[in-house]
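Scroll down for the structure; my scribbles are underneath it.
The values are calculated or read from the model by the stated rules, or taken from the named source; none is laboratory data. For clarity, every value in this text was computed on a predicted model and none was experimentally measured. Virtual Cβ from ideal backbone geometry, glycine too; neighbours counted across all protein chains shown. To get the accessible areas, we keep the full protein, side chains included, count just its heavy atoms, and leave off ligands, DNA and RNA. Shrake-Rupley method; radii C 1.70, N 1.55, O 1.52, S 1.80 Å.
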Amino acid sequence: MKFNATPRSEQGSSASRRLRLAGRVPAIVYGADAQPLNIELDHNEVFHALRKEEFHASILDMQLEGKSSQVLLRAVQWHPYKQQVMHIDFQRVAAGKALHTKVPFHFMNQETSPAVKLSSATISHVFTEIEVNCLPANLPQFIEVDLGQLVAGQSIHLSEIKPPKGVTFSSHSGDDPVIVTALVGGGAANVMTEDEVADAPAPAAGDEAAK
């Protein structure tokens, strides 16, 4: 996905304010053992680009002064109450250097799963994205999670999802988190992994008596 950028010579809060009034967005590009580069973007162009999942989860082609550079979106600062992009951070991508970034899950066959069709269960997406490590050439735009065989009361853990070739998942503290679960009867639920349940404190004696 391509976007256009222009070098930004002026810095500081006053200069950034003038840019925003002119329909521009201040931004920065860093990484790959090079000096940070201050750039500016067209607000309308980047505002619409940010509405696309691809802009958040793929390597981007930045067009700057007739040259193309590969970058990754790292951070977006929004106005507290206006639909206005205030600042954007990009990271340069080096072909031989591994990336650590987040990729969204795409949940497939949810409506045709036994949990929904036979039990009218509510599918709870505990996680909607996952941190991955991979080389730029192997970065997937999304990770598919097939819910076609999910039954009521069942959960899918991260260990059950096969990463694409050249990609590894970054789990937290070596655990195996629940990615999705089928809740019978709907409503909110606090989904916990088996380790979290084992580590949870036992109820006080008064609490047991009140049950």
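Listed by first and then second residue, the pairs linking a residue in the range 94-111 that is closer than 11 Å to Asp146 by Cα to a residue that is among the aliphatic types (A, V, I, L, M) and not in a loop (DSSP other than H, G, I, E, B), with Cβ atoms under 6 Å apart and 6 or more places separating them unless they lie on different chains, are Phe105/Ile143; Phe105/Val145; Phe107/Val145; Gln110/Ile123.
Go over the candidates Arg92, Arg74 one by one and state the one that is in contact with a Ser or Thr (Cβ under 7 Å, 6 or more places away or on another chain), closer than 20 Å to Glu131 by Cα and open to solvent by 40 Å² or more (accessible area, probe 1.4 Å). Steps first, answer last, please.
Working: Arg74 fails: in contact with a Ser or Thr (Cβ under 7 Å, 6 or more places away or on another chain).
Selected residue: Arg92, the only one of Arg92, Arg74 that is in contact with a Ser or Thr (Cβ under 7 Å, 6 or more places away or on another chain), closer than 20 Å to Glu131 by Cα and open to solvent by 40 Å² or more (accessible area, probe 1.4 Å).
If you filter the range 11-38 down to residues that are open to solvent by less than 60 Å² (accessible area, probe 1.4 Å) and within 24 Å of the chain's Cα centre (by Cα), you find that the one that is modelled with the lowest pLDDT is Ala32. One residue stands out among those in the range 55-93 that are of a type in the set (Phe, Trp, Tyr) and either assigned to a loop (DSSP other than H, G, I, E, B) or touching a residue at least 40 places away in the same chain (Cβ under 8 Å) (or both): the one that is nearest to Arg8 (Cα to Cα), which is Phe90.
Filtered by the rule that a residue be outside any strand (DSSP E or B) and out of contact with any Asp or Glu (no Cβ under 9 Å at 6 or more places or on another chain), the range 23-51 gives Ala32, Asp33, His43, Asn44, Glu45, Val46, Phe47, His48, Ala49, Leu50, Arg51. I'd like to verify a number: residues in the range 130-145 that are surrounded by 15 or more Cβ atoms within 10 Å (Cβ to Cβ), of a type outside the set (Phe, Trp, Tyr) and within 18 Å of Asn109 (Cα to Cα), how many? Total meeting the criteria: 2.
Remark: pairs (first residue in the range 11-32, at positive phi; second residue assigned to a helix (DSSP H, G or I) and open to solvent by 70 Å² or more (accessible area, probe 1.4 Å); Cβ separation under 9 Å; 6+ apart in sequence or on different chains) = Gly23/Asn44. Selection over the range 39-54 of residues that are surrounded by fewer than 17 Cβ atoms within 10 Å (Cβ to Cβ), within 18 Å of the chain's Cα centre (by Cα), farther than 11 Å from Met86 by Cα and touching a residue at least 24 places away in the same chain (Cβ under 8 Å) gives a count of 4.
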